[in-house]
Amino acid sequence: MNEAEEKEKKRIALLFIVIDNKVLLFKRSPEETTNPGKYGMLGGHIEKGETPEEALRREIKEEAGVELGSFKKLKTYELDDVQLNVFYTNEFDTENIKLDKKEHTGKKFFTLEQLDEMSPEECIDTNKGIARDYNKKAKEDMQLNETIQRMKSIIGL
């Protein structure tokens, strides 16, 4: 891909929210131009001069009325005409969500199994691959933490 084509690529920042081993997804408004009526993540376009992290904080505030706390980068996905910058968090103020009804009409927690079984008409399909990547990262993080704890006990910390 040449430089001009790269510049035309839409850049998106998305947040994958996992709390108590359940994924929080948001039902897109039927009026949305992309993926209307489907469950997906919060997020949106990265504006010129914005970092993906800044865009994510802005989009979460606009779409859910929530100040985003801590989050980590999961992965950047390069699709044909879109670059998805996906972040994840295990802490989200679910009690104070005020959805922008023009963008989302509802929210719901799903187990990873439920998410995997959803049809393309119910759920944005890329969410399934993102869930698998999140699972892989969570397992790696857990193994790393266990290794660190073992090393600490060995050296007496």
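The values are calculated or read from the model by the stated rules, or taken from the named source; none is laboratory data. Just so it is clear, the model here is predicted, and its values are computed rather than measured. All Cβ positions, even for glycine, are placed from backbone atoms using ideal geometry, and neighbour counts span all protein chains on display. Each accessible area value is taken on the protein alone, full model and side chains, heavy atoms only, with ligands, DNA and RNA left out. Shrake-Rupley method; radii C 1.70, N 1.55, O 1.52, S 1.80 Å.
Side notes on the structure shown:
- Residue in the stretch 45-53 that is open to solvent by less than 80 Å² (accessible area, probe 1.4 Å) and of a type in the set (Lys, Arg) present: no
- Residue within the stretch 5-12 that is under 15 Å from the mean Cα position of the chain (by Cα) and at pLDDT 95 or above present: yes
- Scanning the stretch 101-131 for residues that are part of a helix (DSSP H, G or I), charged (D, E, K, R) and in contact (Cβ under 8 Å) with a residue 12 or more places away in the chain returns Asp116, Lys128.
- Candidates in the stretch 57-79 are the residues that are open to solvent by 40 Å² or more (accessible area, probe 1.4 Å) and assigned to a strand (DSSP E or B); of these, the one that is farthest from Phe26 (Cα to Cα) is Glu78.
- Reported count of residues in the stretch 11-47, each being closer than 13 Å to Lys108 by Cα and β-branched (Val, Ile, Thr), is 4.
- Reported count of residues in the stretch 110-157, each being hydrophobic (A, V, I, L, M, F, W, C) and farther than 14 Å from Leu25 by Cβ, is 8.
- Flag for Glu95 being open to solvent by 40 Å² or more (accessible area, probe 1.4 Å) and assigned to a loop (DSSP other than H, G, I, E, B): no
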